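Take a look at the structure below.
The values are calculated or read from the model by the stated rules, or taken from the named source; none is laboratory data. Predicted, not measured: the structure shown is a model, and the values here were computed from it. Here the Cβ positions follow ideal geometry from the backbone for every residue, glycine too, while neighbour counts run over all protein chains shown. In case anyone asks, the SASA skips ligands and DNA or RNA and just uses the protein heavy atoms, side chains included. Shrake-Rupley method; radii C 1.70, N 1.55, O 1.52, S 1.80 Å.
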Amino acid sequence: MARLDPVCVTVRVTEPGPRPIVEEQITCKAYNGHIGWDSRIISPGRPGPRIDVDALKAEAASGTSWVAAKAVLPVLQS
């Protein structure tokens, strides 16, 4: 069976130094090639806003049947 839900990958890049800064990037890719992407900067003591992975998955899957299939799945399983 094909995987319909978007696959997400997280990459963190750290700038070295006495107060290292980290850039976090999350990319979600749907089976049709559409992508949802976001990033944030994390500095010491200030993590910044969290990235909404569910929103990235929905963005990537916006051109697919994944959202509809996810919504109807509980009905089909009952």
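Summary of computed values
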| quantity | calculated |
| --- | --- |
| The chain: chymotrypsin sites (Phe, Trp or Tyr not before Pro) in DSSP loop, at most 16 other beta carbons within 10 Å | Tyr31 |
| Dipole magnitude of the chain about its Cα centre (Cβ charges: Lys, Arg +1; Asp, Glu -1), debye to nearest 20 | 120 debye |
| Average projection area in nm² (convex hull over Cα atoms of the chain, one quarter of hull surface) | 6.7 nm² |
| Solvent accessible area, Å² - Lys70, 1.4 Å probe, full protein context | 120 Å² |
| Ellipticity estimate at 222 nm from DSSP helix runs (n ≥ 4, -39,500 (n - 2.57)) divided over the chain, nearest 500 | -7500 deg cm²/dmol |
| Within a Gaussian network of the chain (alpha carbon springs, distance under 10 Å), most fluctuating of Gly63, Gly48, Gly36 | Gly48 |
| The chain, relative contact order in percent, only Cα pairs under 8 angstrom and at least six apart counted | 27 percent |
| Rounded percent of accessible protein surface that carbon and sulfur make up, region 5-78, 1.4 Å probe | 58 percent |
